[in-house]
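Undergrad: What follows is a structure written as structure tokens; I'll ask about it next.
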Amino acid sequence: MTEETTRETEGEAGGLRDRLVRTGVELVDAEGVQALSLREIARRAGVSHGAPRRHFPTHLDLLSAIAREGFRELGARVTEVAETEPRARVEALARVYLDFARTRGGMYELMFRHDLLESGRLGLRDTSLPLFAHLAELVARACPGAAADPAIAAGALWANLHGIAQLWRWGSLRLATGGDDVEPLLAAALDAHLGPEAHR
């Protein structure tokens, strides 16, 4: 019996599967997406390089499991938003999204990889789509008289936020705008997609 099998059968908390995912989360946070090879995750988890295949038949399966943890955390942060007025909630949600991208850059990049979302491995879309549906619902409530389909308006806003987050991480926006504050960009995006606030 191998060491990793012994550890799992002896009841190590969460078992091998959870240990591999936790290791992957720690690795992507510390070193980014490029470090997430099956071999490196296995090495850091203290198991043989073939051990992950017992729970994750493909590399995409393991990456999806790691990304799902990111969506769970982002979802938890979203549920903590306390604002009650719809536009304020959209703004708060946008800040949560941008802050997540800033503080969890590697995880953020992994979560929105097209191949993971397109594959739908491990129900990843079922974890990510409710977040977008929540945004669309808030956009609809914030702009009740808007002609645009709320899902389209929310998609445009989300794409704008995604672009701000990515370009800010790369330093491109700071270089282009000459500013060190993301707030004016966030305000401009909200005004563009929701309309100016009444008091502005």
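The values are calculated or read from the model by the stated rules, or taken from the named source; none is laboratory data. Since this is a predicted model, take the numbers as computed values, not measurements. Cβ placement follows ideal geometry from the backbone for every residue including glycine, while neighbour counts extend to all protein chains displayed.
Undergrad: Given the conditions (1) over 22 Å from the mean Cα position of the chain (by Cα); (2) over 21 Å from V81 (Cβ atoms), and given that R169 satisfies all but one, which numbered condition is not satisfied?
TA: (1)
Undergrad: Here is a follow-up. So which residues in the stretch 14-72 are under 15 Å from the mean Cα position of the chain (by Cα) and on the phi > 0 side of the Ramachandran plot, if there are any at all?
TA: G32
Undergrad: Go through the stretch 151-200 and count every residue that is in contact (Cβ under 8 Å) with a residue 60 or more places away in the chain and of a type in the set (D, E).
TA: Number satisfying all stated conditions: 1.
Undergrad: If you don't mind, there's one more thing I want to ask. Does the stretch 75-116 hold any residues that are small (G, A, S) and either crowded, with 19+ Cβ neighbours inside 10 Å or part of a helix (DSSP H, G or I) (or both), and which are they?
TA: G75, A76, A88, A92, A94, A101, G105, G106
Undergrad: Go through (1) part of a loop (DSSP other than H, G, I, E, B); (2) at pLDDT 95 or above; (3) of a type in the set (D, E, K, R) one by one and return the number of the condition E12 breaks.
TA: Condition not satisfied by E12: (2).
Undergrad: In the stretch 123-179, which residue that is acidic (D, E) and either in contact with a helix residue (DSSP H, G or I) (Cβ under 6 Å, 6 or more places away or on another chain) or in a helix (DSSP H, G or I) (or both) is nearest to H193 (Cα to Cα)?
TA: E137
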